[in-house]
Amino acid sequence: MSLVTQEELIKKLKPVYLDHEIDGRILPLTEEINRLKKEKNAVILGHNYMTPDVFWGVSDIIGDSLYLSKMAKETKADIILFNGVHFMAETAKILSPQKKVLIADLKAGCSLAESITREDVRKLKAEYPGVPVVTYVNCSAEVKAETDVCCTSANAVQIVNAIDSDTIIFLPDEYLAGNVQKETNKKLITHPGRCMVHEMYTPEDIRSTKRLFNNDVTVITHPECHEDVVAEADFSGSTSQMVDFIQKSKTNKIMLVTECSMGDNLRSQFPEKEFVSTCQTCPHMKRITLEKVRDALLEEKFEIFLEEEVILSAQKSVNRMLELSFKK
Ligand code: 13P
Ligand code: SF4
C-alpha cells in the first residue's frame, strides 16, 4: 500500500524531475520497494524533508517528528523503516522496542543531536539540582534517557507550560529555546545547539523577499530559526503545522523558511500556490535515497540497537510528551 496511485505519483513528481528520471529510475524503484514492503510486512515512515521521490513514492505515513513518533508506537507492522534522520529512527525504537527498526543510512545525523551528550546533560543537572529537563526530540536516545519530558517544535510551548516549575533546562536548541522563551513566563536554561539548516537564515532574507513582492507574500518559518527571523514571519510551526497552515490559508504566494524538499513536496501538494525564494538543504536528510531504501528493505539493514536501560529511561520522557500532546 502507498499514499498515492502511480498516476498521482507521476503528477506529483513532474514539477521536480525530468521524464526520463521518473520512468527510468523512480518508478521501477518505487515498485520494487512497495513490493518488498508487502512481502516483509514493513511500514515506511517518511519525514516531510524527504525528497519527493522518497516522500511520495514509498511512504505509508508522512508527517513531522511528533506525528511519526506517535505512528511508530501504534503501528502493527513487523519492520519500521524510518525515512528521516537517525534520532527519529531511535525514537521509533524507543517507542516500539520489540520491532525491527531500520534506517537506510546510519550517517543521516543532525547537527542538533550532535551538539549534546548524555554527560553534558548530567553536568547541567548537577549544576541546577531539581530543575526539570525538557529536551527537543532532536537528540540521541542517551540524552532522552536523562530527560524528564521530550518535546518537538509542534508542542514545545505546550510542554514547557505543562511542567510544574518556574525554571526549566531546555535542550539542545538555543534558537528554539529563544522562540519558546517569548511565549512562556518560565525561565529557560539553554545549551548552544543549532540546526545547521535553519541557522543560515537572517531577518534580511525575509525583508528583501517581502520588498521584492511588495509585501504580497506570506512568510512561514520553522521555530529552529533565530527568534529575529521568526519575528518577521506570518506563521511559525513544525513541518506538519506548516502544511496545515497552507491548507487552511487563502494565501497564494508563500516564502518557506525551511529545508528545500519541504518546498518541493508542498509544490506538488498545492500546485495552485506559488512558492517563492531560495531554500537550505539538510545534508543528513538527503542521505536517504530510493536506492538505499530498496537495499535497506532487501537486506533488513541498518538496524537500530539500543541498550535496554536507555530504552526504559528514554521511554518515560517520550511517552510523557505523547501523553501531554495527545491528551483527550
Ligand atoms: P519537525 O518536527 O517540525 O518535523 O522538525 C524536525 C526537524 O528536524 C526540523 O529540522
Ligand atoms: Fe537536524 Fe536541522 Fe537537519 Fe532537522 S534540518 S535533521 S534539525 S540538521
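Structure above, values below:
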| item | result |
| --- | --- |
| Hey, residue 72 of a type in the set (Gly, Ala, Ser) and over 23 Å from residue 198 (Cβ atoms) or not | yes |
| Matching residues, region 261-274, being free of Cβ contacts under 8 Å to residues at least 60 places away in the same chain and either within 29 Å of residue 107 (Cβ to Cβ) or surrounded by 19 or more Cβ atoms within 10 Å (Cβ to Cβ) (or both) | 263, 266 |
| Search result, residues across region 50-88 that are more than 15 Å from ligand 1 (Cβ to nearest atom), touching a strand residue (DSSP E or B) at 6+ places or on another chain (Cβ under 8 Å) and closer than 18 Å to residue 98 by Cβ | 75, 77, 78, 79, 80, 81 |
| First in region 150-164 and in contact (Cβ under 8 Å) with a residue 40 or more places away in the chain, second anywhere and in a helix (DSSP H, G or I) and open to solvent by 50 Å² or more (accessible area, probe 1.4 Å), Cβ under 6 Å, 6 or more apart | 154/241 |
| Residue ranges of strands (runs of 3 or more DSSP E) in region 132-178 with at least 1 members within 13 Å of ligand 2 (Cβ to nearest atom) and open to solvent by less than 10 Å² (accessible area, probe 1.4 Å) | 133-136 |
| Of all residues in region 62-105 being part of a loop (DSSP other than H, G, I, E, B) and either among the β-branched types (Val, Ile, Thr) or within 11 Å of the chain's Cα centre (by Cα) (or both), the one that is farthest from residue 303 (Cα to Cα) | 64 |
| Counted residues, region 44-80 - those being within 20 Å of residue 25 (Cα to Cα), within 15 Å of ligand 2 (Cβ to nearest atom) and of a type outside the set (Gly, Ala, Ser) | 4 |
| Residues being at pLDDT below 95 and β-branched (Val, Ile, Thr) - total across region 272-328 | 2 |
| Condition broken by residue 247, with the remaining ones in (1) within 12 Å of residue 277 (Cβ to Cβ); (2) in a helix (DSSP H, G or I); (3) in contact with a helix residue (DSSP H, G or I) (Cβ under 9 Å, 6 or more places away or on another chain) satisfied | (1) |
| Residue under evaluation residue 4, criteria (1) more than 22 Å from residue 102 (Cβ to Cβ); (2) open to solvent by 30 Å² or more (accessible area, probe 1.4 Å), criterion not met | (2) |
| Residue within region 80-87 that is under 19 Å from residue 307 (Cα atoms) and either in contact with a helix residue (DSSP H, G or I) (Cβ under 6 Å, 6 or more places away or on another chain) or hydrophobic (A, V, I, L, M, F, W, C) (or both) present | yes |
| The listed residue being closer than 27 Å to residue 139 by Cα and among the β-branched types (Val, Ile, Thr), out of 10, 94 | 94 |
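The values are calculated or read from the model by the stated rules, or taken from the named source; none is laboratory data. Bear in mind the structure is a predicted one, so any value in this text is a computation, not a measurement. Glycine also receives a Cβ, built like all others from the backbone with ideal geometry; neighbour counts cover every protein chain displayed. These accessible areas exclude ligands, DNA and RNA; they are computed on the full protein's heavy atoms, side chains included. Shrake-Rupley method; radii C 1.70, N 1.55, O 1.52, S 1.80 Å.
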